[in-house]
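What follows is calculated from the coordinates using simple rules that are stated; it is not laboratory data. Fair warning: this is a prediction, and the values are worked out from it, not measured in the lab. Every residue, glycine as well, gets a Cβ built from its backbone with ideal geometry; the counts of neighbours run over all protein chains shown.
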C-alpha cells in the first residue's frame, strides 16, 4: 500500500504522550502514527498493543490515529499483529521470507516495511511546538 495521506510518525512510550499528540494533530488535520518499539512488546506482550489501541479508541475515533509496530525478527508476533489488523508493521527478514510475509499482510490490508522517519518524543518537553516546527517545513 502507498501512503496517500499526510502522516507524522511518533515514537511513544505511554498513553499520555499519545493522547497529547492526537489532540494536537487533530487541530492541524494531520494523522499521527504511533511507533512502538520491539522491546516494549517483547516485555509486555502483544496484548499490550491491543489494549493501547482500545484505550485510545475510547477517547478518539479510529481514523484519528494509526499504529506502527517494530517486530524485529519475530515472525509469530508479526502474524499475530497482522491478524489484529495493526496498520503498519516493520520486520527484519531476508527477501524470500519478506515476500511471503507481505502476501499475508496484503490480504489483511496491512503495510509492511514502509520507509519513514520517526520523531522521538522521549526528550521533547513541548510537543505542540515540535509539531508546529515540523509542519511548517
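Things to note:
- Compared with the dominant principal axis of the Cα atoms in the chain, helix 95-107 is inclined by about 70°.
- Summarising the label geometry, the points placed 7 Å from Cα in the beta-carbon direction at residue 115 and residue 15 lie 3.7 nm from one another.
- Ratio of the Cα radius of gyration of the chain to 2.2 N^0.38 Å, where N counts its residues: 1.04
- Per-residue ellipticity at 222 nm computed for the chain from its helices equals -14500 deg cm²/dmol, with DSSP H segments shorter than 4 residues left out and the rest contributing -39,500 (n - 2.57).
- Using C-alpha pairs under 8 Å with a sequence gap of at least 6, the mean separation divided by the residue count of segment 57-137 gives a relative contact order of 24 percent.
- Alpha carbon centroid spacing (whole Å) that separates segment 70-89 from segment 18-62: 15 Å
- Axis of helix 47-59 versus longest Cα principal axis of the chain: the two differ by about 40°, to the nearest ten degrees.
- Computed over the chain, relative contact order equals 28 percent, with contacts defined as Cα pairs under 8 Å that lie 6+ residues apart.
- Degrees separating the helix 15-28 axis from the principal Cα axis of the chain, which is the longest one: 70 degrees
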